Each structure stands twice: as structure tokens, then as C-alpha cells.
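As C-alpha cells, the structure follows; a few thoughts come after it.
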DNA sequence: CTCCGTCTGAATGTCGACATTATTAATTAC
DNA sequence: GTAATTAATAATGTCGACATTCAGACGGAG
């Protein structure tokens, strides 16, 4: 008797899920600003669906941390304090370390050239902040999705999306991109060499560096404002 | 100018949240079994509310991992494979390590006697599996909630609830409870001594031991069935 | 006897309307 | 002129009904 087939259900199947994806993109790409109110009637009108579907979409986005719902007061784009940004980066660093430590054993042989290709793509994108952000996300996603745990991957990528705007901020200078690439090189080398502990270290450092830059840039921004 | 007051909104305020709490309790306490279907109409009738409220409640529980929603096929109590149980324990061990490492610096002086009291409560409950499970949850929650990150605490406790039935299974023998207490003693001692690295180690070991026992008991159960 | 297609019943998906609550603007008292 | 109160507005909370899709029973062909 063969094992029962694990059917995969397309999360885009339902209407609320589609709405959630589109609103989520707008948030991650900073079209919807932190703190901005998301009125159900407005969104329902914009997407041509009923409020019920929008409500479900907002619940989905709340579970991803992109939206904050306050009872009787509606939904708004989650606005993070500097302390919260730091907190999320710290947790993600820990989880990214775990994922990359696992990746060393879990990466199938066929994934090795793909890993090198994604790393080369990083170097090609060194002069273009937008392209580098995309390439960085691509190799991160590849590593995390091949670490053997769907749950861990979703968690890390969810935290990544919550702080996407700060990561992008952090990678806006070429100096930082060079520092980032150095870490990625170390990580890829460790993975290909089978050194799990070193991989964990590089993965965590990668996130820590991003965190430190983002926080200092935020602090500068605050200093200018206040 | 004083900082604006951060209002706290009671998550029990809305009807769906109340429904979610009650269904969630039933799941954690194993009254609703893994894989059991949760029909919206049934639940709506049982709680005397409309389907819309039940739907929102089920979404909340899905975000906590207690319920799995399959598009067009409804909700059911999340059923975890042995591999998934192991995965959750592993992630929780990592996060618990991080939390307890932070706790060493974050625990306010007033929390020290409380920590010792909760530890003593563990010993008092050594002969009663039910009481020990409660005491274990209490000290875990205390540690995690005083580690300085609401986000991290919620995450750890959420994973804990998802595997609550297996933790309970693991702590069903007095031998295991003695092993658990030894780890808790080590953890509390490390915290009070200010040794963050040792605290991290004990915290992880605590979860690892629970994982190992639960998995071997699950394997035995499977062997009997198959 | 087995397998496939159809059909029936029941569940979820989606919607619009009403009830309730928060916000804001106007008004009045001081 | 300011502050507190109140009324109007606009948002969310909750509900019942209709549309759509899925699971299983039934029946017929091979």
C-alpha cells in the first residue's frame, strides 16, 4: 500500500487570500505606510468585494504581523518601534542560525549549483540597491526553504517581511552591500564545506549586521526629526 | 511632554476572540481530538452565535496553529506527524534558550523570590502529573514573559500550546518529572547566578528532554498500532 | 465484482443589511 | 476663549440568506 498523497491546496484559492496577498504586497513595498488605517469599506470598494472578504484578508495579514487589528477600532499597517524592530531582527537571527545549521545536512546535492548561482547573482547586483534586495531575498528564501522545516521557513520569512522596509534601508549603501556579500560568501562556503557551526555563525551575523545598520539609520532619522 | 499612554485592548473584547479561547481550551485539553472536523454550523449552534463569528474564531486559532483550515473543506483540529512534533520542539528549544538567556538580564529583582516559589511548587507537585503539568506551565510562562519580548513570549507559548498534549504525555512518569525538575533547578540556579550561557543551555535541554521522551512514547504507540 | 459517472445532501464561500461603538464636530456653559 | 458635553457621522461588530463547491451514496456499464 502506497503512502496517501499529500494534496497541496493553493492558498490563492479563496478570495480573502488573494486580497491578503495584494494588500500584503502594498505594505511590504511601502505603498501603505506604517500606522496607516485600513478601512474595510475602502478596501472592499477598491477590490470590488464585500467587507466580509476584506475582514478575513485583514485577519490573515494580522497573523503575518503586517497588520494590527484593534477591537472596535479597525485595522492599520503595523507600526514598529525601534525596540520592536531590534527584537524581530534578534529573533530572526536566532532562527536563521538554526535554519542554516540544518541546511548543511538538508541541502540536496542538486541544490549546490543553485546556491552558487544565487550567490553570484548577489555580486552582479552590487551596484543596484533594488536588484540587490531582490537577490538577497532570493538566496535567503532558498536557504530557508531547503532547511527541512516548512514551519521554520514560514516563520523566518514572515519576520523578514515584517522588517522588509528596514532591511531595504540597511542595504541602501554599497558599503553595506559589500559587507553583506562577505557574509554570504562565508555562509555559502561553510554550507558547501559541511561546517554547520560556521554556517550558523555567518547566518546570525548576516542578520545582526543588517539589524545594526538599520537601527543606527533609524536613530539618525529620529535625531533629525526630534 | 510625557510619553503617550499605550492603551491595552482586551483581546477578549470581541465575540470571535471569546469563541476562539473556548475552542482553543478544548483543543489543548484534548477534548477535541487531532484531525477532528470543526463544522461552523455546529459550533455556531453550540455557542449561540452566527457562523461569521465562528469563522473569525477559527481564523484566530489557525494563526495559533491549533486549527488547520483547508479551502473549501473546512477546519479541523491540527494533527501533527511525529516529524512535525519534533520540529516544533526543536524550534521551541532554540527560542526558549534565547528567552532564558535574555531573562538573566531582564528579570527584575522582585521576580527572584517568585521564581524560587514557582520552582518549589514544581517539587510539591512531583507525585501528581496533572499538578506538575500546571506548575511546569506556570514557571515556563513566568520565565518567558519576563524575558523582555512580548513577541518572543507569544511565539514560545504558542508552540507550547500546539504540543501541549505531547508535553503532558512526556511528563506522565515520575522519573521524567524528576529529570525535568533537575533541569529546572539548574536553570533557576543559573538565572539567579547571572550565568546567561548556562541558563540558555538548561532551557534548551529542558525542551530537548521533553521532546525525546514524547517522541519515543509516540514511536512505541505507533509500534503497538502498526 | 469493480470501476466510473451522476446525483443528492451538506458543508463552506460570499454577500448585503442592521446593530453597536468610536470618532469628530458642533454647541453650550463657564 | 477654553473646556466639557452632546449630537451627528462613520466606522466596525454581528447576523441571516443565497451561491458555490465538495463528499459520499446510488446506479449503471464493462
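Here are some notes:
- Members of the range A:145-187 found to be part of a helix (DSSP H, G or I) and within 13 Å of another protein chain (Cβ to nearest Cβ), listed by number: A:150, A:151, A:152, A:153, A:154, A:155, A:156, A:158, A:159, A:162
- Qualifying residue in the range B:169-187 (condition: under 17 Å from residue B:94 (Cα atoms) and under 16 Å from the mean Cα position of the chain (by Cα)): no
- The set of residues in the range B:64-111 being within 16 Å of DNA strand D (Cβ to nearest atom) and within 29 Å of residue B:209 (Cβ to Cβ) consists of B:68, B:79.
- The lone exception for residue A:185 - which of (1) more than 19 Å from residue A:121 (Cβ to Cβ); (2) surrounded by fewer than 21 Cβ atoms within 10 Å (Cβ to Cβ) it fails: (1)
- Residues of the range A:63-88 satisfying the condition of being in contact with a strand residue (DSSP E or B) (Cβ under 9 Å, 6 or more places away or on another chain) and surrounded by 17 or more Cβ atoms within 10 Å (Cβ to Cβ): A:66, A:67, A:68, A:69, A:75, A:76, A:77, A:78
- Helices (runs of 4 or more DSSP H) contained entirely in the range A:1-108, each with at least 1 residues that are modelled with pLDDT of 95 or more and more than 14 Å from chain B (Cβ to nearest Cβ): A:15-28, A:40-47, A:82-106
- Here the range B:33-57 is the region considered, the condition is being within 8 Å of DNA strand C (Cβ to nearest atom) and surrounded by 16 or more Cβ atoms within 10 Å (Cβ to Cβ), and the residue that is farthest from residue B:158 (Cα to Cα) is B:40.
The values are calculated or read from the model by the stated rules, or taken from the named source; none is laboratory data. What you are looking at is a predicted structure, and each value in this text was computed from that prediction instead of being measured. Here Cβ is always computed from backbone atoms with ideal geometry, including for glycine, and neighbour counts include all displayed protein chains.
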